[in-house]
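Student: I'd like to ask you about the structure that follows.
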Amino acid sequence: MPVFLSNGKTMLKILSNSVLSLSSVFFLSVLISGCQSPTTAQQTTSEALETSAQTQPLEIKVVVVTMFEIGEDDDDKPGEFQIWKEGQNLSTRYPFPMSHHDIYVNEDTGVMGIVTGMGTAKAAAAIMALGLDPRFDLNHAYWLVAGIAGVDPQDASIGSAVWANWLIDGDLAHEIDGREIPDDWKSGYFPLFSVEPIQANSEANSEKDSEDNAQPSGKPVQAMNGEAYQLNTKLTKWAYELSKDTALSDYPAMYELREKYLNYPNARKRPFVLIGDHMAAATFWHGKLLNEWANDWSQYWSNGQANFVTSGMEDTGSYQSMIYLDNANKVDKSRFMVLRAASNYAMQPDSLTAAENLAMESGENGYAGMQSALESAYNVGSVVVNDIIANWSTYKDALPYEASKVAPDEDTLNELITPTTEPVDAKLSAEELIKSLNLTGHVEGGFYRQTFKADHRPMLSTAHGDRVNMTSIYYLLSAKSPVGHFHMNRSDIMHYFHVGDPITYYLLNQDGSLETHVLGPDPTKGHEMQMVVKGGTWKASKISTTGDYGYGLIGEAVAPGFEYEDMQLAEQDELVSTFPEHSALIKTLTR
């Protein structure tokens, strides 16, 4: 789990405008009370609260919860908050003296951003203070924790974004100093109300039944004191499905670090989106043995349901406050989501000791995955936030996975059936585009036409014969031919998006890792407008059959130039045999 830097900004600038906001009046009354007699101070505070109660609270649709910022909130090196403040245009400031950092809101969209400060205590206090703040209506708000984390290299790579089903607390425990533990104990750290460490997931017990392993008594573990919380798993799955194909950034320093984790295949993949569970603990722990403990601890407190993937410091505190506020009918705890993006690995590679690795990775400047993690938390999280805002009329009263069961309200229904007087955006149909560009069917699916062949230059000598330097084509997928089936080219191919609906690409690398990329028109939604696929990579593509255009058109530049003998169309059985872990996807995207 990462080390955070506290925000050095002066938080409270109450008199920034000539006319004080309601919230400023409230806070100013608290400051003035220190200089007044008790009676006057009580009257001033009481008047401010009464005025606040009489004002219509601002309806909040999404609360984005971040934990730290580096320096200023704008225009410098970003922490967790700055990228959200800028990306979601959170421009209206509300003083928040009862917590770590002022609140910022986009009053047009209903998106709020907060910074809790580091640690469970500050997070719990911030969420509780916000939930009780009379300036905001949070009854239907969705909550998104979006922060960085350490990651278990057994499960994912740095830069990856992880949606959590379980929150496990790593602080509530018994402990005996390591120098005094019995010789046969794994550690001196064990659950409350037990008398020895748990043994789940240890090598010595790997062949035993996991349930008996995690629960020596044979009875389910009861997390009565906040040791574990299960979030709304249906909402987690919805958020994952919505965002799983988001393109994530990758940087050279990340590649260099990933390559050190030789025995951890998932740690060596490019960043990806997944579901995994999160541990919160106030102590920044690191190393292989503690990583094993985190897995055992998560298994134990969830009765074998949780898989430790990410580590942080705050989220059990935040969710405990959500439970209390839900009891008071202030919030809906079933709308609480946790998304953590990996800035660093929770343990060392085999070539280093835990101390050596911690020294290299300690502090925000040391994290090879820091920038990517900040971007991943925003790029993945904003897909969910933007969808909630776009569908608020439905999602306000029904959770997204239930929204299809809800009939539209009367105003929405009238809007749907009322003819519009606005001119229709006349888009070319797929058929018109195929005809006008003189495209023809492609063996892998879709339609194409070669537009250039560099036969005016000297040929290149390759292991498979002479080839031109480069060829180029148009390539189109349509709703009637929506799949480019798995195939492999010997040459490198650069893809350029032209027009239409986004196209999702699935790349199977030689090491068995799967990459997904979305080629599309809107980089603010994580779309790539250019993408390279190296020779020797299995590639498939797919387009939605219900998109706005009904097709996606790209260009491809192939170097050395394309020849059919350099392309291999996948045989389903052979590809499944080579990549059995991706069999479901392969069966969908092969003929």
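The values are calculated or read from the model by the stated rules, or taken from the named source; none is laboratory data. This is a predicted model, so every value here is computed, not measured. With ideal geometry, Cβ positions are generated from the backbone for all residues, glycine too; neighbour counts draw on all protein chains shown. Accessible surface is based on the protein model in full, side chains and every heavy atom, while ligands, DNA and RNA are left aside. Shrake-Rupley method; radii C 1.70, N 1.55, O 1.52, S 1.80 Å.
Student: Determine the order of Thr516, Thr246 by accessible area, beginning with the largest, at a probe radius of 1.4 Å.
Tutor: Final ranking, largest accessible area leading: Thr516, Thr246.
Student: Next question. For Lys260, list the lysines whose Cα falls under 18 Å from its own Cα; do not include residues on the same chain fewer than 8 positions away.
Tutor: Lys269, Lys288
Student: Among 431-441, 276-286, 55-65, what's the highest-first ranking by average C-beta atoms within 10 angstrom per residue?
Tutor: 276-286, 55-65, 431-441
Student: Still on this model: Can you give me the % of accessible surface on the stretch 302-384 that is carbon or sulfur? Probe 1.4 Å, all protein chains present, nothing else counted.
Tutor: Ligands and nucleic acids excluded, carbon and sulfur reach 47 percent.
Student: Also, quick follow-up: Say each of Asn509 and Ala398 gets a label point 7 Å from the Cα, pointing the same way as Cα to Cβ; how far apart are those two points in nm?
Tutor: That separation, rounded to one decimal, is 4.1 nm.
Student: Another one. Exceeding 31 Å between C-alpha atoms, which entries from my cross-link table qualify? They are Lys396/Lys427; Lys61/Lys219; Lys234/Lys330.
Tutor: Where the Cα-Cα span goes over 31 Å, the pairs concerned are Lys396/Lys427; Lys61/Lys219.
Student: I would also like to ask the following. Classify the stretch 212-300 as rounded, prolate or oblate, taking a ≥ b ≥ c as the square roots of the eigenvalues of its Cα gyration tensor: rounded when a/c is under 1.5, otherwise prolate if a/b is larger than b/c and oblate if not.
Tutor: It is oblate, given that a/c is not under 1.5 and a/b is not larger than b/c.
Student: Going from most exposed to least, what order do Arg457, Arg467, Arg270 have by accessible area with a 1.4 Å probe?
Tutor: Details: Arg457 135, Arg467 15, Arg270 90 Å².
Ranked from most to least accessible, the order is Arg457, Arg270, Arg467.
Student: Which aspartates and glutamates does Lys542 reach when only Cα atoms under 14 Å apart count, and residues fewer than 8 places away in its own chain are ignored?
Tutor: Asp245, Glu444, Asp501, Glu515
Student: Loop only by DSSP, 14 or fewer other Cβ within 10 Å of the Cβ. Give me the GluC sites (Glu not before Pro) in the stretch 496-591 that pass, ordered by residue number. Can you show the working numbers first?
Tutor: Working: sites: Glu515, Glu528, Glu556, Glu563, Glu565, Glu571, Glu574, Glu581; in loops: Glu563, Glu571.
Answer by residue number: Glu571.
Student: Please give, to one decimal in nm, the separation of the simple spin-label points placed at Lys234 and Asp184, each 7 Å out from Cα toward the Cβ.
Tutor: 4.7
Student: Determine how large the accessible area of Asp137 is when every protein chain is in place; take a 1.4 Å probe and give Å² rounded to the nearest 10.
Tutor: 40
Student: Which whole-number value in Å³ per residue fits the convex hull of the alpha carbons of the stretch 309-366?
Tutor: Measuring per residue, one finds 101 Å³ for the Cα hull of the stretch 309-366.
Student: Right, next: With a sphere of radius 11 Å drawn around the Cβ of Pro521, what net charge do the other residues whose Cβ falls strictly inside it have (Lys, Arg +1; Asp, Glu -1)?
Tutor: Every neighbour counted, the sum reads -3.
Student: Got a sec? What order do Arg268, Arg258 fall in by accessible area at 1.4 Å, biggest, i.e. largest, first?
Tutor: Largest accessible area first, the residues go Arg268, Arg258.
Student: Based on the Cβ-Cβ distance from Tyr255 to Glu72, what FRET efficiency comes out when R0 is 30 Å, to the nearest 0.05?
Tutor: Efficiency, rounded to the nearest 0.05: 0.45.
Student: In square angstrom, what is the accessible area per residue of the stretch 88-164 with a 1.4 angstrom probe?
Tutor: Per residue, the stretch 88-164 has 24 Å² of solvent-accessible surface.
Student: Relative to the present Cα-Cα distance, how much length would full extension add between Thr92 and Glu571 at 0.36 nm per residue of separation? Spell out each step's value before the answer.
Tutor: Details: separation 479, 0.36 × 479 = 172.44 nm, distance 5.66 nm.
That pair, Thr92 and Glu571, stretches by 166.8 nm at full extension.
Student: Counting heavy atoms of the protein chains only and a 1.4 Å probe, report the per residue accessible area for the stretch 468-544 as a whole number of Å². Provide the component values of the computation, followed by the final result.
Tutor: Numbers: 2930 Å² over 77 residues.
Per-residue value: 38 Å².
Student: Also, quick follow-up: Within the stretch 522-583, list the trypsin sites (Lys or Arg not before Pro) lying in a DSSP loop whose Cβ has at most 14 other Cβ atoms in a 10 Å radius.
Tutor: Those that pass, being in a loop and sparsely packed, are Lys534.
Student: Where a Cα-Cα gap under 12 Å defines reach, which aspartates and glutamates qualify for Lys587, not counting those fewer than 8 residues away within the same chain?
Tutor: Cα-Cα hits under 12 Å: Glu571, Asp573, Glu574.
Student: Turning to a different aspect of this structure: Can you give me the Kirkwood hydrodynamic radius for the stretch 82-155, using every pair of distinct Cα atoms, in Å to one decimal?
Tutor: One decimal place: 13.6 Å for the Kirkwood radius.
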